[in-house]
Amino acid sequence: MLRQSLMTEPDERGYFGRFGGRFVPESLIPALDELTEAFYRLRNQQKFQEELADYNRHYGGRPSPLYFAKRLTEYAGGARIFLKREDLIHGGAHKFNNAMGQGLLTKYLGKKRIIAETGAGQHGTATAMIGALLGIETVIYMGEKDIERQQPNVQRMRLMGADVVPVKTGSRTLKDAVNEALRDWVRNVETTHYLIGSVVGPHPFPLMVRHFQSVIGQEVKHDFLEYFGELPDLVMACVGGGSNAAGSFHPFIEDTKVKLLGVEAGGKGDQANSRSITCGSQGILHGSMSYLLQNEEGQVKEAHSVSAGLDYPGVGPELAYWNETGRVDFTYAADKEALDAMRLLSRLEGIIPALESSHAIARAIDVAKTMDKDERIVVTLSGRGDKDLETIQGKMT
């Protein structure tokens, strides 16, 4: 049941309810304290805000359009479906928003090097762009498995001067890339900023990433009030670590008439090895307490998704908190459903969505059928599908 009031900021220890905190080596605490102080100070500083807004507009291409998907709506036969077109932002995904914010923060901190992890390659691409833009050395850790299935983004990162380091341990996916990036940060903390790509990790990262991604929901709210004089009935987004979902949902958290629905990866559909919120349990992963996939001994289980960006065994602590308080509902879509939705949107609207976003599209079609035709759904189209063309070869029938 939804509580009367919700936390919109973590407490002084970095917790949203019982989720969050810092579970890291002692050597990282000074860097986290420095980052926390700088973030709280700069997010309200006019000069920083103006510089970030200028980059967002003139370099990133914000605001992104709110598009009425007429043919998709007719196909679903229910509520009107709108797409928040983050796929049109520079780099092709919402990942730009956070990378730009943290990149600028790195510049203000005087750090000379950025490291990042990436799964689908979109965050790595965004980080490489910002490193080139600001003249900062950039190193991207990426699992070997993801490098194989995301070659276009790997080529883009290297073209922009980033050093892409293959991670050969574990499942060779996003979880392992995060592990390697954390090890690098421990070794080079004095000169390096770890530009985490999702609302995960130790405080202040979940708060900071959500803050920079909240531009998504802020623009949706602005456009709906301007166009319709009211807010949408439902906002939806796919959920891996959860950055595009957190950015889409947070501006509506206190607007309790607006329903919020996150869509996790359902994998092959016959097993619960991708859904951290709907099938996971509480534990510690990558520096914070949240929901994750783990066995009875507390060992992290490998996740599976056809989409590299949702192939992560945990979820951000604020999303876990929203789930526990009942403010955000969560469901899932299987690999096949996402592939079908990708093809459908491509053929009905001429928009090729990323496989990650396709999970949300798949479930939005089903949900729209249950709603009245005068109701409105917004789906955050978190990225474009060019990067997935090699992955889907032979999978679409």
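Taking a virtual spin label 7 Å from the Cα of TYR108 along the C-beta vector, which residues in the range 192-206 bring their backbone nitrogen under 15 Å of it? Within reach of a label on TYR108: 204-205. Between the Cα long axis of helix 335-349 and the first principal axis of the chain there is an angle of about 70°, rounded to the nearest 10.
The dipole here belongs to the range 130-181: it is taken about the Cα centre, uses +1 on the Cβ of Lys and Arg and -1 on the Cβ of Asp and Glu, and is about 180 debye. Computed from point charges on the beta carbon alone (+1 for Lys and Arg, -1 for Asp and Glu), the dipole magnitude for the range 1-68 about its Cα centre is near 340 Debye.
Among ASP335, ASP163, sorting on how many other beta-carbon atoms sit within 10 Å of each Cβ, with the fewest leading, yields ASP163, ASP335. State the answer as a single residue: which of THR370, GLY269, SER346 lies farthest towards the positive end of the charge dipole of the range 250-397, with beta carbon charges of +1 for Lys and Arg and -1 for Asp and Glu, about the Cα centre. Among THR370, GLY269, SER346, the one farthest towards the positive end of the dipole of the range 250-397 is SER346. Qualifying GluC sites (Glu not before Pro) in the range 345-397, where qualification requires a DSSP coil assignment and no more than 16 other C-beta atoms within 10 Å, comprise GLU375. Against the chain, whose longest principal axis is taken from its Cα atoms, helix 95-109 shows a tilt of about 20°.
Note on ASP255 and ASP386: the model spin-label points, each 7 Å out from Cα along the C-beta direction, lie 3.2 nm apart. Model label sites at LYS268 and VAL186, defined 7 Å from Cα along the beta-carbon direction, differ in position by 3.4 nm. Placing a label point 7 Å from the Cα of ARG85 along the Cα-to-Cβ line, the residues of the range 364-382 whose backbone N sits under 15 Å from it are 379-382. Summing Lys and Arg as +1 and Asp and Glu as -1 over all other residues whose Cβ lies under 10 Å from the Cβ of GLU230 gives a net charge of +1. Ranking GLN155, HIS211, TYR291 by how far each Cα lies toward the positive end of the dipole of the chain (charges on Cβ) leaves GLN155 at the top.
Over all other residues within a Cβ to Cβ distance under 10 Å of ASP87, the charged ones net out to +1, with Lys and Arg as +1 and Asp and Glu as -1. Farthest towards the positive end of the charge dipole of the range 1-147, among the residues THR8, ALA76, GLY101, is the Cα of ALA76, using unit charges on the Cβ of Lys, Arg, Asp and Glu. For the chain, a simple Cβ point-charge model (Lys and Arg +1, Asp and Glu -1, everything else neutral) yields a dipole of about 520 debye relative to the Cα centre. For the chain, the longest principal axis of the C-alpha atoms and the axis of helix 46-58 are separated by about 50°.
Taking 0.36 nm per residue of sequence separation and removing the Cα-Cα distance, the ILE284/ARG71 pair yields an extension gain of 72.3 nm.
Readers should treat all values here as calculations from the given coordinates under stated rules, not as data from a laboratory. None of the values given here were measured: they were computed from a predicted structure. So basically every Cβ, Gly included, is an ideal-geometry build from the backbone, and we count neighbours across all protein chains shown.
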